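Q: Handing you this structure, nothing more for now.
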Amino acid sequence: MIPKPVVLFAAGAVAGAIGKTVTAPLDRVKLLLQTQGTLVEGAMGQAIRSGNLWQAFATIGREEGLRGYWKGNTPQILRVIPYSATQLYSYEVLKRMLRGPDGQLSLPARFTAGGCAGIIASLVTYPLDTLRLRLAVDPAARSLKGASRVLFREGSYQAYFRGLGPSLIGIFPYMAMELAVFDLLSDRMPEGGAFGRGFLSAFVATSCCYPLDTVRRQIQLQSRGRMSMMQAARLILQRDGVPGMYRGFVPNALKNLPNKGIRLATFDTAKRMIAASEAAAHELEANQ
């Protein structure tokens, strides 16, 4: 009796919130490694700049305690609820819109639907992503209000949208691959394997698109002036070579792959429940 769009939207929101909270500690480590601890001093900064995943992870616990692993998770949850709900719901709507006259969805149309869904969700929630990054990597930003104040001093409202260009360029192929591969694997994996499908689809998308995310994070941290994608990429390559583009990839994969598995499996379960309830309703009507 609940409208289908409401169920899909709510399922996307809940799936995103659960997945992000479970994997938040690895996300914090990933962000610190990805930005090379630019704003972090002392033992934590030294551990991060060494590039050692486990050393950085342990240092956060020693320096900031257990709560340090979830620093920045509040804006992340505030962002991921509308992001995940908008993204997954938009994907379902766009798939219906892009079906051919025969009712089938071609591969290019499926990729287009996934990429556009990612862009829509990013545009809606991007300021929260910038706020989350600053809170996660800047020791001076101890609260949402403090992080907002720092960003506003650096560039007014424009500071919240640093890196939007490379973000949109990166999110289109990433979400196109992730969502399309997830759907395409449904015919090749057993029913109930939604977590495995989500895990594999996220691995493919993350491996291909991670360098664009690293470039975006570098741009987001610029406090003065504007850095282009090419300038940021050149800086990373000059400093660390190609491996620099994949700094933080291991913690990102460790947190992102199960996160996406949980999120997509939860959403897929909601869709199956909707289909089952619709079938039961039609059967009940037919028997009356």
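Q: Students sometimes get this wrong: rank ILE274, ILE120 by accessible area, probe 1.4 Å, all chains present, largest first.
A: I get ILE120, ILE274, largest accessible area first.
Q: OK, next. Taking LYS71 as the anchor, which aspartates and glutamates have their alpha carbon closer than 15 Å to its alpha carbon, excluding any fewer than eight residues away along the same chain?
A: Reachable aspartates and glutamates: ASP27, GLU63, ASP129, ASP138.
Q: Hey, another quick one. Work out the charge dipole of the chain with +1 on the Cβ of Lys and Arg and -1 on the Cβ of Asp and Glu about the Cα centre, then indicate which of TYR157, LEU105, CYS209 is farthest towards its positive end.
A: Sorting the options by dipole projection puts first TYR157.
Q: Continuing with the same structure: Tell me the angle of helix 53-64 to the major Cα principal axis of the chain, expressed in degrees between 0 and 90 and rounded to the nearest ten.
A: Roughly 70 degrees, rounded to the nearest 10.
Q: Just the accessible area per residue of the chain, please: how many Å² with a 1.4 Å probe?
A: 48 Å²
Q: Under the definition of Cα pairs under 8 Å and six or more residues apart, what whole-number percent is the relative contact order of the chain? Numbers along the way, then the final one.
A: Details: 381 pairs, mean separation 75.2, N = 288.
In percent, rounded to a whole number, it is 26.
Q: Mind ordering 84-91, 158-165 by average Cβ neighbours within 10 Å, highest first?
A: Top to bottom by mean Cβ count within 10 Å: 84-91, 158-165.
Q: Then there's this: Local charge sum around LEU123 (other residues, Cβ-Cβ under 14 Å, Lys/Arg +1, Asp/Glu -1)?
A: 0
Q: Quick check on my link table: of LYS20/LYS95; LYS4/LYS260; LYS30/LYS95; LYS20/LYS271; LYS30/LYS145, which ones sit more than 28 Å apart, alpha carbon to alpha carbon? Walk me through the numbers on the way to the answer.
A: Numbers: LYS20/LYS95 26 Å; LYS4/LYS260 22 Å; LYS30/LYS95 33 Å; LYS20/LYS271 21 Å; LYS30/LYS145 23 Å.
Violating the 28 Å limit, Cα to Cα: LYS30/LYS95.
Q: Run the numbers for ASN287 and SER207: contour at 0.36 nm per residue of separation, minus the present Cα-Cα distance, in nm.
A: 23.7 nm
Q: Once the convex hull of the alpha carbons of the range 1-144 is built, what does its volume come to per residue, in cubic angstrom?
A: Taking the convex hull of the Cα positions in the range 1-144, it is 131 Å³ per residue.
Q: Over every pair of different alpha-carbon atoms in the range 74-196, take the mean of 1/r and invert it; report that Kirkwood radius in Å.
A: Values: mean 1/r = 0.0621 Å⁻¹.
In the range 74-196 this quantity evaluates to 16.1 Å.
Q: Hey, what's the Cα Rg ratio for the chain versus the globular rule of thumb, 2.2 N^0.38 Å?
A: Ratio of Cα Rg to 2.2 N^0.38 Å: 1.06.
Q: Can you compute the helix-only [θ] at 222 nm over the chain? Use -39500 (n - 2.57) per DSSP H run of at least 4 residues, normalise by all residues, nearest 500 deg cm²/dmol. Could you put the intermediate results ahead of the total?
A: Numbers: 11 runs with 217 residues, N = 288.
After summing the helix terms and dividing by the residues of the chain, the value is -26000 deg cm²/dmol.
Q: Roll a 1.4 angstrom probe over the protein heavy atoms and tell me the percent of accessible area of the chain that is carbon or sulfur. Present the calculation step by step, with values, prior to reporting the outcome.
A: Working: 8890 of 13890 Å².
The nonpolar share, carbon plus sulfur, comes to 64 percent.
Q: Express the Stokes-Einstein translational diffusion coefficient of the range 119-269 in µm² s⁻¹, to the nearest whole number, given a Kirkwood radius over alpha-carbon pairs, 37 °C and a viscosity of 0.692 mPa s. Provide the component values of the computation, followed by the final result.
A: Numbers: Rh = 16.7 Å.
The estimated diffusion coefficient comes to 196 µm²/s.
The values are calculated or read from the model by the stated rules, or taken from the named source; none is laboratory data. Worth saying up front: this structure is predicted, and the values here are computed from it rather than measured. Virtual Cβ from ideal backbone geometry, glycine too; neighbours counted across all protein chains shown. Note: areas computed on protein heavy atoms with side chains; ligands, DNA, RNA excluded. Shrake-Rupley method; radii C 1.70, N 1.55, O 1.52, S 1.80 Å.
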